[in-house]
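Novice: Structure provided below as structure tokens; questions to follow.
Coordinate-derived values only; no laboratory data. Keep in mind that this is a model prediction, so the values were computed, not measured. FYI the Cβ positions are ideal-geometry reconstructions off the backbone, even for glycines, and counts take in every protein chain you see.
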Amino acid sequence: MNKYQPSIVTWTLILLFSALAGFLGSQFLSPWLVNLPLVNKINWPGKAKETTTIVNKTEKIYLTEDLVYQDSIGRVLSSVVYLRAEKAGKILADSAGFILTSDGLVAATDLAMVKGTANFVVAREGKEYPAELIREDKENNLALFKIAENNLPVVSFGQMDNLKLGQRVFFPGADMINKSFSKFVLAGFIKTLVPAISFSLNEKLSLAGGPIINSQGEVLGLALIGKEGEIILVGEDKIRGLLN
């Protein structure tokens, strides 16, 4: 023990002296040097007394799955509409739909079976617009309508090439409930890919025409209801075709 004791004392004194020297240097020597005329001509020491050290605060933001979905769905919900074909105050047919262009083009199911005797009306955000039937795709039960409005929010399309079984999807739509415009969202997943794409939703779909979207809020297609109650997807390529 005696053999190493002087060495320990020596190192302790050296550390204490170094700490004291550093403190005295930062508090007294550095400010004195900065004010010397010769040192002031050197750029960086001369600016030392003016320098402010900024430490950037790092924040971790945790995005839950629900928040991501809510943001994606919210972007599409602003574009959903409700359409109806009516005559003498009586509704002959109705559909959900969504805005394709900011100047008022709307995609929905084909209500043209009553086009000769009915008026078309689009409801959005509590306001109603007369609608004009622009184009039909009878094979896919699609129709393109036009309302006299501008600066409307529009959807963005996703690709169907990379769909996977079990992938989460959503159906944001709109309806009229007790004469009030109402939005809704159904959640589900991709059930089959072949021979056709089918979906399983958490509730039964009662009104077709709204978009099926992925978790990024991109429209994969328009939802139709089959004869057996199954959900049929009309792909985004068919919807784009309405605009050509």
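Novice: Say R0 is 25 Å: what FRET efficiency, to the nearest 0.05, do Ser200 and Asp71 get from their beta-carbon distance?
Specialist: Calculated transfer efficiency: 0.60.
Novice: From the Cα gyration tensor of segment 176-244, with a ≥ b ≥ c the square roots of its eigenvalues, which class applies: rounded if a/c is under 1.5, or else prolate if a/b is larger than b/c, or else oblate?
Specialist: Judged from the Cα gyration tensor, segment 176-244 comes out oblate (a/c at least 1.5, b/c at or above a/b).
Novice: What length, rounded to one decimal in nm, is gained on full extension from Asp137 through to Ala187, with 0.36 nm per residue of separation minus their alpha-carbon distance?
Specialist: Gain on stretching Asp137 to Ala187: 15.3 nm.
Novice: Here is a further query. HN-Hα J couplings of segment 160-176 from phi, Karplus 6.51/-1.76/1.60, θ = phi - 60°, integer Hz, Gly and Pro as x?
Specialist: 8, 5, 9, 5, 10, 4, x, 5, 6, 9, 9, 10, x, x, 9, 8, 10
Novice: For a protection proxy built on the mean count of beta-carbon atoms within 10 angstrom, sort 176-184, 87-95 highest first, please.
Specialist: In descending order of packing, they fall as 87-95, 176-184.
Novice: Once you keep just the Cα pairs under 8 angstrom separated by 6 or more residues, what percentage relative contact order results for segment 68-241?
Specialist: 22 percent
Novice: When we measure straight from the Cα of Lys127, which aspartates and glutamates land under 15 angstrom away, once same-chain ones fewer than 8 places off are left out?
Specialist: Lys127 reaches Glu149, Asp175.
Novice: On to the next question. Report the charge-dipole magnitude of segment 68-241 in Debye, nearest 20, computed about the Cα centre from +1 at each Lys and Arg Cβ and -1 at each Asp and Glu Cβ.
Specialist: 280 debye
Novice: From the cross-link list Lys87/Lys227; Lys90/Lys179; Lys87/Lys179; Lys164/Lys238, which pairs have alpha carbons spaced over 23 Å apart?
Specialist: Lys87/Lys227
Novice: Using a 10 Å cut-off around each Cβ, can you sort Glu125, Glu136, Glu228, Glu236 from fewest to most neighbouring Cβ atoms?
Specialist: Lowest count first: Glu228, Glu125, Glu136, Glu236.
Novice: Rank the residues Arg124, Arg168, Arg84 as a footprinting-exposure proxy: fewest other Cβ atoms within 10 Å of their Cβ go first.
Specialist: Exposure proxy ranking, most exposed first: Arg168, Arg84, Arg124.
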